[in-house]
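Undergrad: This is the structure I want to talk about, given as structure tokens.
The values are calculated or read from the model by the stated rules, or taken from the named source; none is laboratory data. Just so it is clear, the model here is predicted, and its values are computed rather than measured. Here the Cβ positions follow ideal geometry from the backbone for every residue, glycine too, while neighbour counts run over all protein chains shown. Please note that ligands, DNA and RNA were not included when accessible areas were found on the heavy atoms of the full protein model with its side chains. Shrake-Rupley method; radii C 1.70, N 1.55, O 1.52, S 1.80 Å.
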Amino acid sequence: HSFKAKNGHCNVSITGGDVTPLCRWVSWQRVSKKRNTLNSNRIQQLNSMGFIWDPCDHSWNENFDQLCAFKAQSGHCNVSQNDEQNKSLGKWVNHQRASYK
């Protein structure tokens, strides 16, 4: 709970080289769930606090939501990578297009 209180989310990053005991624990919870060895009570506890089971999926959905908001405001999905305000979103959109090809 203290990580969430401090950071406002449960998305503990295991990238960046700084692997802490919390990172290892979070990674183990994800692996255990995938292997169906994690107790359902623990799954419920983690779900109740907003635990992120698949960080890649979570990140994709966050970017998609940003794209929807961008489209609602601008009327299109042509996000420029040169737009300082939407640079990260522009890179994500470009990556999606490249992946589609």
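Undergrad: Among (1) at pLDDT below 95; (2) surrounded by 12 or more Cβ atoms within 10 Å (Cβ to Cβ); (3) in contact with a helix residue (DSSP H, G or I) (Cβ under 7 Å, 6 or more places away or on another chain), where does PHE51 come up short?
TA: Among (1) at pLDDT below 95; (2) surrounded by 12 or more Cβ atoms within 10 Å (Cβ to Cβ); (3) in contact with a helix residue (DSSP H, G or I) (Cβ under 7 Å, 6 or more places away or on another chain), PHE51 violates only (3).
Undergrad: List the residue pairs whose Cβ atoms are under 8 Å apart, where the first residue sits in the range 39-57 and is within 10 Å of GLN29 (Cβ to Cβ), the second is among the polar types (S, T, N, Q), and the two are 6 or more positions apart or on different chains.
TA: That search, which allows pairs on different chains as well, returns ARG42/GLN29; LEU46/GLN29; PHE51/GLN29.
Undergrad: Tell me, please, whether a residue that is surrounded by fewer than 10 Cβ atoms within 10 Å (Cβ to Cβ) and among the acidic types (Asp, Glu) can be found in the range 7-27.
TA: yes
Undergrad: Just name the residue that is modelled with the lowest pLDDT out of those in the range 82-101 that are outside any helix (DSSP H, G or I) and open to solvent by 70 Å² or more (accessible area, probe 1.4 Å).
TA: Residue satisfying both the conditions and the ranking: LYS101.
Undergrad: Which pairs do you get when a residue that is polar (S, T, N, Q), found in the range 58-77, comes within reach of a residue that is open to solvent by 60 Å² or more (accessible area, probe 1.4 Å), reach meaning Cβ atoms under 9 angstrom, with the pair 6+ apart or on two chains?
TA: ASN63/SER88; GLN66/SER88
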